[in-house]
Amino acid sequence: MKRQLVLLLLCGCSGNETASRNLPTKVDQSSSTILFSEIATDIKPSVCGADTPTQIIEVNGTGIALLDFDNDNDLDVFVVSASNHPCRLYENVSKDEISFVEVTDKLGIQIERWANGVAVGDVNGDGFDDLYITCHGSNVLLINQHGESFKDETGKYGVGDTGWGTSARFGDLDGDGDLDLYVCNYLEFDFDNPPPRSIYKGNRVLGGPHGMLPTSDIVYENVDNRTFKDVTNEWGFGNDPAYSLNVAILDFTGDGLQDVFVGNDSMSNNLFINTGETPIRFENKAIRFGAATNGDGAMQATMGIGVADVSGNSHPDIFTTNFSSDTNTLLTNDQDGYFNDQTKRYGLGLVSRSFLGWTCGFYDFDLDGDEDLLIVNGHVYPEATMATMDSERAQTLLLLERVGNRFVAIEQKNAHTDRTAVFGDLDSDGDIDVLIAQRSGALRILRNDLIEKRTLTIQLKGNAKNPKGLGAKITVTYSDGSTSTRWNTDGFGFQSSSSPSQHLFANQKDAIEVEVIWHNNVRQVVTELNEYEPVIITKP
């Protein structure tokens, strides 16, 4: 019988010198439940404008990233802040408990501007994670100096776009082995001439995005790990200005080429398909493939993107989180890139109507062989209440357990104005933890206290230009013939990124084979598996 998934929230405790305060937890060894313990943290709060926002630029919050900047096999944390407050880097020093120490000044990071999001990728192929920070104004590229410091090399690499950058993502778009860069841009905003207030559900609220000018995203080609070239128009991305908020890069059509899905606010979403032509070319086929809108043909306000094999056919399905008084949307990939709205079938519609969703993630939190779903929520309007807008400003998580062909919501109690989250094994104990950031508020950790676990850990090693093998597809086959499929990307979080150091698969059914399809359709099969040690698969 499948365990019930429960979030246990604990309060109290005093701080210490490291950036984590672990709360006292009682774990019942005989219990059939999984416990997420909420851990307060001394990581400094993110900042994004006034406590009560009056302009659209203040409402989206800022991003966070998980990366292993020093290559010591644990996940460190980068926290973005706006309003000219400093962005900060924290080193993971966890031993018996999850702990972080700030190393911002030590590593020479000085980013104080209106920063919004962050992407993680090895830009120069030296084996160390670099950071790309999106801003209102010039974006920033920090090159990791072998774990000892970070250097601002934005000008050298030519990636200092000056729009309102939101999310960004690294991926090998042209198939030459190195990491290209996709940057989402939102709209034109002038601090000295902000939009007037508008009306929503009879209430006066801050203005935008309706009535404001959307801007084009920027696509950069990585040229031999030495610099970047703007190829937005050349590659076919320049004809669709939109209120872009999030992006996912992976092979949606099963042809071995990387495609791009873009989530837009209050507009149809984009699905740029790699045509395979020479020179490289992408075409927006979102309408043709059924990925532009929900099944009713309605445009939505997409913030979060989740990708998983929900339908069990080894194709990547797309889940989007949307504005309140609407539902989140699940589009199943039924035939190599052709999508079908299956939101209601999987129980993901009505449960989300009063929520305004942001980052989401499909992960096997209980290691039972299927992926559960966690969504962070919070309204953009300070005036939001159930009476005025059918939705509260502060909202609980949506934690949904996969039970057969449905997702079942687990009741939550504590409400926040959440925006971003990243997922990874923060304490190296073989299960997925969660780090969550509010809009201008404290960060908190959901520590996964799963007791009994059998985990198969997969770690990919790509080529010299793409050491972590971004773009690969991983399928584990079990002794009973069932499979589990994941995609190796730098994450899908709203304005956030996760370095794909390891992939954790449940192993209760005894894995017998791992298949990796690398980004250029090179297929590799490994049958020598050991659940007690990471299975390291190197690209041939």
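Worth a mention:
- Any hit, the range 242-264, residues being part of a loop (DSSP other than H, G, I, E, B) and free of Cβ contacts under 8 Å to residues at least 40 places away in the same chain: no
- Failed condition for Asn225, given (1) farther than 19 Å from Ile305 by Cβ; (2) surrounded by 21 or more Cβ atoms within 10 Å (Cβ to Cβ); (3) among the polar types (S, T, N, Q): (2)
- The residues of the range 69-89 that are in contact (Cβ under 8 Å) with a residue 40 or more places away in the chain, in a strand (DSSP E or B) and either open to solvent by 40 Å² or more (accessible area, probe 1.4 Å) or out of contact with any Ser or Thr (no Cβ under 8 Å at 6 or more places or on another chain) (or both), listed by number, are Val77, Phe78, Arg88.
- Residue in the range 275-287 that is crowded, with 20+ Cβ neighbours inside 10 Å and within 21 Å of Phe362 (Cα to Cα) present: no
One line per residue, one yes/no per condition, for (1) over 19 Å from Gly147 (Cβ atoms); (2) in contact with a helix residue (DSSP H, G or I) (Cβ under 6 Å, 6 or more places away or on another chain); (3) of a type in the set (A, V, I, L, M):
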position: Ile57; (1), (2), (3): yes, no, yes
position: Asn60; (1), (2), (3): yes, no, no
position: Phe78; (1), (2), (3): no, no, no
position: Ala82; (1), (2), (3): yes, no, yes
position: Lys95; (1), (2), (3): yes, no, no
position: Leu107; (1), (2), (3): no, no, yes
position: Arg113; (1), (2), (3): yes, no, no
position: Gly117; (1), (2), (3): yes, no, no
position: Gly121; (1), (2), (3): no, no, no
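- Residue count for the range 172-203, restricted to those that are surrounded by fewer than 24 Cβ atoms within 10 Å (Cβ to Cβ) and either aromatic (Phe, Trp, Tyr) or over 21 Å from Tyr220 (Cα atoms) (or both): 15
- So Thr332, is it of a type in the set (Ser, Thr, Tyr), closer than 25 Å to Gly208 by Cα, assigned to a strand (DSSP E or B) and open to solvent by less than 40 Å² (accessible area, probe 1.4 Å): no
Conditions tested, residue by residue: (1) open to solvent by 10 Å² or more (accessible area, probe 1.4 Å); (2) more than 15 Å from Asp341 (Cβ to Cβ); (3) of a type outside the set (Asp, Glu).
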position: Asn264; (1), (2), (3): no, yes, yes
position: Asp296; (1), (2), (3): yes, no, no
position: Ile305; (1), (2), (3): no, yes, yes
position: Asp309; (1), (2), (3): yes, yes, no
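- Neighbours by Cβ (under 6 Å, 6+ apart or cross-chain): first from the range 453-469, farther than 17 Å from Asp74 by Cβ; second aromatic (Phe, Trp, Tyr) and surrounded by 21 or more Cβ atoms within 10 Å (Cβ to Cβ): Leu456/Phe505
- For Asp490, the criteria (1) under 30 Å from Val59 (Cβ atoms); (2) among the charged types (D, E, K, R); (3) touching a His at 6+ places or on another chain (Cβ under 9 Å) hold in every case but one, which is (3).
- Filter result for Leu367 (in contact with an Asp or Glu (Cβ under 8 Å, 6 or more places away or on another chain), open to solvent by less than 50 Å² (accessible area, probe 1.4 Å) and in a loop (DSSP other than H, G, I, E, B)): yes
- In the range 419-453, residue nearest to Trp518 (Cα to Cα) [restricted to those that are basic (Lys, Arg) and in contact with a Lys or Arg (Cβ under 9 Å, 6 or more places away or on another chain)]: Arg419
- Among residues of the range 508-540, those that are closer than 21 Å to Asp427 by Cα and either among the aliphatic types (A, V, I, L, M) or under 22 Å from the mean Cα position of the chain (by Cα) (or both), counted: 2
- The range 176-192, residues that are of a type outside the set (Asp, Glu), over 15 Å from Val247 (Cβ atoms) and at pLDDT 95 or above: Leu187, Phe189, Phe191
The values are calculated or read from the model by the stated rules, or taken from the named source; none is laboratory data. Note that this is a predicted model, so its numbers are computed, not measured. Positions of Cβ are backbone-derived with ideal geometry, glycine not excepted, and every protein chain shown enters the neighbour counts. Please note that ligands, DNA and RNA were not included when accessible areas were found on the heavy atoms of the full protein model with its side chains. Shrake-Rupley method; radii C 1.70, N 1.55, O 1.52, S 1.80 Å.
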